Each structure stands twice: as C-alpha cells, then as structure tokens.
1. Please count how many residues of segment C:51-72 are in a helix (DSSP H, G or I) and either touching a helix residue (DSSP H, G or I) at 6+ places or on another chain (Cβ under 6 Å) or buried (at least 23 other Cβ atoms within 10 Å of the Cβ) (or both).
2. Take segment C:205-220 and flag every residue that is touching a residue at least 60 places away in the same chain (Cβ under 8 Å) and facing chain B (nearest Cβ under 8 Å).
3. Among residues belonging to segment B:219-233 that are loosely packed, with under 13 Cβ neighbours inside 10 Å and not in a loop (DSSP other than H, G, I, E, B), point out the one that is modelled with the lowest pLDDT.
4. Exactly one of (1) surrounded by 17 or more Cβ atoms within 10 Å (Cβ to Cβ); (2) assigned to a helix (DSSP H, G or I) is unmet by residue A:274. Its number?
5. Please enumerate the residues belonging to segment A:59-86 that are assigned to a strand (DSSP E or B), more than 22 Å from the chain's Cα centre (by Cα) and within 12 Å of chain C (Cβ to nearest Cβ).
6. Right, residue C:191: free of Cβ contacts under 8 Å to residues at least 40 places away in the same chain, surrounded by 18 or more Cβ atoms within 10 Å (Cβ to Cβ) and assigned to a helix (DSSP H, G or I) or not?
7. Which one is nearest to residue A:73 (Cα to Cα) among residues in segment A:103-123 that are within 14 Å of another protein chain (Cβ to nearest Cβ) and part of a helix (DSSP H, G or I)?
C-alpha cells in the first residue's frame, strides 16, 4: 500500500536554529497517526512543511507516493487540514466561509451539502451567523467542516482539541474515529498530550528538538515489558544500603528519598517483597511505562 | 475690451483729411465717430501671453453708444483689465481735459502718420500719456500707446479692410508688457517637471499679445438689448 | 471553473464584503463633497489667491469656476489621499490574512501561490478602478452638474493653460487612465510590502511614508534633486496633468507611463519572488 505521508530526512533551519532535524517517518493510508511532542518540539513546523506553508531546508516530502514539490496541486486536492487554530473571514457567515473554501478546492457545491456538513460538525442552524459571533469551540468545529468539505483522503489536524469543551473533545474523537473507520480516511493528528494520542491513534511518533525520539505502533510502544518504578521509602538510608548490597542494584537508576528503577514489570512484586522482608517500609510505589516516563520528563522541562 | 473698441471707434471715425494740427485731426475723428450708433461683428481671438497657453477662439462683439460693449464667446479668454483707450476716447471727446501736440511723424504700413501726444490737464488723472499714430491723409488711428498709473503701457496696432469706410478695423493687435505668469510649484504640484535654475535679479518684462480679427460688421443694426446684458459664458 | 477564476472570484467576494473596502469610498465621497461645497461657497476667493498675478493685469472672461476645474483640483488634491486609500486595502491583502491566520487556509488549497497573489493583485486593481470610477463620477460629473461645464484653466509652475471644453473629454479619459496606472503602481507596491510583512499597518504606513518623502523631493525646486526625480515613481504619478498642457507632451507622457509600467512589473515580480519563498510560520 502506498504511504499517505513519507518524510525523508526533512530539516528546517532558521539561521543557526534548527527547528526540524533530519526527520523521517511514514504514515500508512488508513492510519490514525499520532504526532507527539512538547510545545516547541517542531510539530507545527513539520505539519506546515507537509501542507507546503513552509519550505523544507533539506529532505523531501512525499504524499500519496508523489513528491510534494512537484505535484502540489493534485496532492492538495486530497488533503484537508486545521493548522494550529482555525481562522476565518470573520465578516462572512459560516456558510459563506465554507463556500469560499469549496470554491478554492474547485468544488461545485450546493447549500444543502454545506448544511449537511455543518450538521455533521454540530453547527446546524448557525450557517447564516457571521463567524465573529462564534466561540473558539465553534470555530474549531467550523475548521473541521472546512477541512472535510472536499472529502479529502488525508486529514491533518494540528492540536484540534485546543479550546474545545469536554463534550467537544468527545464529539471530535468520535468524528475522527468515524472518519477513519467508516470512511477510510487517513488522519495525522498532532498533540502534546500523550493520552489523546493513546486513545485515538494506531501509530505514533514522538519528536523533541526537531528529532525523532521514538516511533512505531502505539500498542507496542505503550506496552513494553520494562517500566520505570518510583519508590518512596520510609527510611531511605537503610533502604538504599540494602538495595546496593542486593541484585536489585542493577535496576537502580536514581537514589534518594525517592528511588527510581528501570525493571521488568513482572519483578515489581518481588522487589516489594524483598524490601518488606528486609524490614524497610515503603511509603508509596508507582510505575509507568518508559515512553510515558520519557514524555513526562521532556514536557516538564 | 469694450473700452478698447469704444476708443478705437472714437479714434477711427475720421474721414480722409490732411492736417498738421492735432486738434483738427481729433475733431475729425470725433465727428466720424458720430456716424456709428451701434455695431456687431464676429471676432477671432489669438493669444500670445507669456506663461499662458490659450488656443484660438471665436466670438461676437456688440457695441452701442455711448460706451456699452460686450464680447461674447464660449469659454475663457483674457482681456486687458483696465483699458486705457477708453480714457483716451473720453478725453478725445472732452477736448478740455487734455492738450494735444504732435511729437513727430512715422510711417506705419505705408501710411504717413502724425504722432499725437495726449496729455491730461489734471495732475491726478489715471492717464499719464496717450500717443496716437494718426494718418494725416486719411485720418485713421493705426497705432496707440497708452500709459496709465495702474496698468503700465499698452499698445494697439490696427489694420483696416473693407470696413475702413466706417473706421472699423479689420485687425487689432493689443500688446502689453508684463512679467511671465508663474504659479508656485507648491500650488501647481507638477512635480513631474524639471526645476529650472532661478535667474538672478528680477524677472524681465516680456511682451504679451492679443490679436483680434473682426469680420461681418453690422453697423447700426439695432440688435436687442439682451445681447449686451447676457451673463458670461 | 478554472482554479484561477475561482480564486479570483473569492478575492472579489472578500473585497466586496470586507467593511474596510467601503472606508475608501466614504472618504472620497466626503472629500469631493467637501471641496465642492467649499468652492461653491468661496470658490472665487479661493481661486483669486492662485490667479492674483493674472487678475492684476487681465479681466478674465468666462466661467473659470466650472466642473472641469473642480475635477482638476480634486484630482490634484487627492494625490496624497488616493494612494493612502488604495494602500489601506491592498497593503492589507496578504499581511492582513497572515495576521488573522486565514492565509493558512488559503495556501493549503490547490491554487498555487502565484495564482493566489495574482488574484489578490487583480482584486486590488479592481478596487482601485472602482475608487477611481466613484471619484470620476463625483469629481467630474457631479461637479459639472453643480458648477456647469466650461474651459479648464490648468495651472502648472510654468504658467497656465486654457483647455477648451470641446477638447477636454478625451483628456479626462486619458487622465483617469494614467491615474489608474499610477494607483496600480501604488497597489502593487503595497501588495509587495504586504508579502514581506505580517501585519496590516506596516505596509500601509510604509507606502505612505514612501509617497510623502518622494513627493516632497519632487516639490522642492532643487536642481540636484532632478537627478533623483526620474527614478521616483511618484514623479510620474502626476503625469496625467500633462494631458492638460498644450501641446500635449506625448513623449513625456509615454516615458512616464513606461516608468510606471516598469515599476509595476518590478514590484509584481518581487512580490511573486518573495511570496513564493515566504514561510507561513505564525
């Protein structure tokens, strides 16, 4: 199957600053692909390069097997997107805005089609209202409508949950799943929240400082056997002395009032039992898979 | 303009007469002028005024005694503001208001003319000096030179055709000395024109000319009064 | 419907529906009516300050204060305002969309950047044409209705020229044509600046600053400035006035039109060059 998106060693530099550094990844058709990274990691720059808003300094971008540089027009007919936040001509109505986008996509459209689309994104009855009267959440919904108006094969959503209320987030999630499952749309979905990606995506990539940290199937990445265990001991000095003299020392990564271990998930209970038998009280224990741990670390800094 | 023609008529209404006495010449002119009660004529105007570009235009002149005059034309045209010929004309009628002497002779267009100086008797008169070149053989004014207090010097030069018998000129050229008409670039705003280096000292005087060519004279036709009263066009 | 025509149609819709487009029409109407009222009330006095030298020598016959003169004065007066009004809309054409974020939607559609830029540029020219059309109706036809028609006394620094009323209509057509070309240069310059900047105000202010500085250089009778003047597009924006000279300096007018067309093409070429390479990062 042809890849919907393929980035080959793509970089973007601004003077001495490298926003995206030799990034390569592939989004297969039919995937919901998570594009994860903390704020400023280069997600938006990458998405803008895919949407030809920014020209790469190096590397090549292929969409549907064709070079973006050489086949931009045909490629753009197949893509719908919301980049960053949806902005509209606020002096026009929702319907008029969609008419503009439809016309720009060379579509012949009917008002009934637009009304149906507005209903699909939860804006039924608001088509004649000027966009300046819309809340951010409503604009986000209208953004989705414009991204879908030309029935694209690939939908690129840059942090689409931003500004949505809880019900809006649920609606959006259902819409994305529906578009993917029922209509076979490929979706590239960027976020800085791991749980969002975890919930929706089939594959994912994590980037930081413009570089790939990890990529693969979400299930595989999030169900690895090795986890990070945090232990808060009642008597840290005795506990650390015990650990350093035992075989658990091999898993110890950090020591202090809270100790951190990188160890197989199956051995957590053995560690707890060994400490108890040594008379060392445990105040609190917690574990995360390593991706979650890493993501937590980079987003906290 | 009306004064120009009024005075011209006054000066031109002179029958063929030869004398070296200026008073006699003027008396003959005044007497001839009495023949014409009114007239109308077509006029062609050409302008050569420094700093003014104005195309040839045509119109109609109307005159009725004693001094009612109108030049009717479609559009804008310039005529000397104060016409010293009118003063000369009045004075020529009122012989007590001036003294006249012949200051010399000159041949103009083949006509032997006496140069008659008109000098006002009142010290505060607008006229400073009037000079008329009058053909001594057939009294017609071929040239005038009028100097007034407020308007400098204006010259007229006349030519006569078929209507000379009525002392009405076929052509009249009015000449006057003036500084070239200029408008500040700040007002005109024509920034696309090149600057010209400013000349030192005062702007020299140049000669402006207005040429009038009369035709189709209708003498004593008793044209309606409205022709003299119509508003400007 | 071809993509370019669709893009052009979109730009026309935006131009027509955008409230700021109407500010220019409002200002032109206000200025025209204000000048007409002022000249209706005190026209002769206002003119006497300009024609003082003529009035001291000549009695000016005929209706000087006519619709043609008022139109000439209005066009002359609006040399600064019209570019501002044009730049007010065309300077915002791309930078406004960049600032508001709508540029992202525009550039993620199939139309190429050149098509989008050309559509915006043509919509800007259409707006300029509409402004001039309104100006022409108000300044020429309404003035003729109020003040009557007649010969035009056109002023220039070398004196004045009287243009006969029956020889003037073709001159007005030419004048408005040259004015359109001049304002198109301003519109294109504003579009270029609009490509380079990400906010609406800076291109408009920059256009105005350029025009004011260049006009001041043109107004001063300093021979050393004459070296600069032929290269400034503002010098040639006033070329419409030359149609009201006698004889008409056709070679000068053609040269000015050539310079304006060169500026227009240069600005458009630069706008295409920069817009094609512009990264939409905000």
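1. Going through segment C:51-72, the residues in a helix (DSSP H, G or I) turn out to be C:52-55, C:67-72.
Right, trim to either touching a helix residue (DSSP H, G or I) at 6+ places or on another chain (Cβ under 6 Å) or buried (at least 23 other Cβ atoms within 10 Å of the Cβ) (or both) and you get C:54, C:67-72.
Of the residues in segment C:51-72, 7 are in a helix (DSSP H, G or I) and either touching a helix residue (DSSP H, G or I) at 6+ places or on another chain (Cβ under 6 Å) or buried (at least 23 other Cβ atoms within 10 Å of the Cβ) (or both).
2. Correct list: C:215 only.
3. B:229
4. Of everything listed in (1) surrounded by 17 or more Cβ atoms within 10 Å (Cβ to Cβ); (2) assigned to a helix (DSSP H, G or I), residue A:274 misses just condition (1).
5. If the condition is that a residue be assigned to a strand (DSSP E or B), more than 22 Å from the chain's Cα centre (by Cα) and within 12 Å of chain C (Cβ to nearest Cβ), then no residue fits.
6. Criteria not met by residue C:191.
7. Step one: filter segment A:103-123 for residues within 14 Å of another protein chain (Cβ to nearest Cβ), giving A:103-109.
Filter once more, keeping what is part of a helix (DSSP H, G or I): A:103-104.
Numbers: A:103: 14, A:104: 11 Å.
Out of the qualifying residues, it is A:104.
Rundown of residues vs (1) closer than 21 Å to residue C:76 by Cα; (2) surrounded by fewer than 21 Cβ atoms within 10 Å (Cβ to Cβ); (3) within 11 Å of another protein chain (Cβ to nearest Cβ); (4) in contact (Cβ under 8 Å) with a residue 12 or more places away in the chain, yes/no style:
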site: C:238; (1), (2), (3), (4): yes, no, yes, yes
site: C:242; (1), (2), (3), (4): yes, no, yes, yes
site: C:246; (1), (2), (3), (4): yes, yes, yes, yes
site: C:250; (1), (2), (3), (4): yes, yes, no, no
site: C:256; (1), (2), (3), (4): yes, no, yes, yes
site: C:262; (1), (2), (3), (4): no, yes, no, no
site: C:267; (1), (2), (3), (4): no, no, no, yes
site: C:273; (1), (2), (3), (4): no, yes, no, no
site: C:277; (1), (2), (3), (4): no, yes, yes, no
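The values are calculated or read from the model by the stated rules, or taken from the named source; none is laboratory data. Here the structure is a predicted model, which is why all the values come from computation and not from measurement. For neighbour counting, all protein chains shown are included, and Cβ atoms are generated from backbone atoms with ideal geometry for every residue, glycine included.
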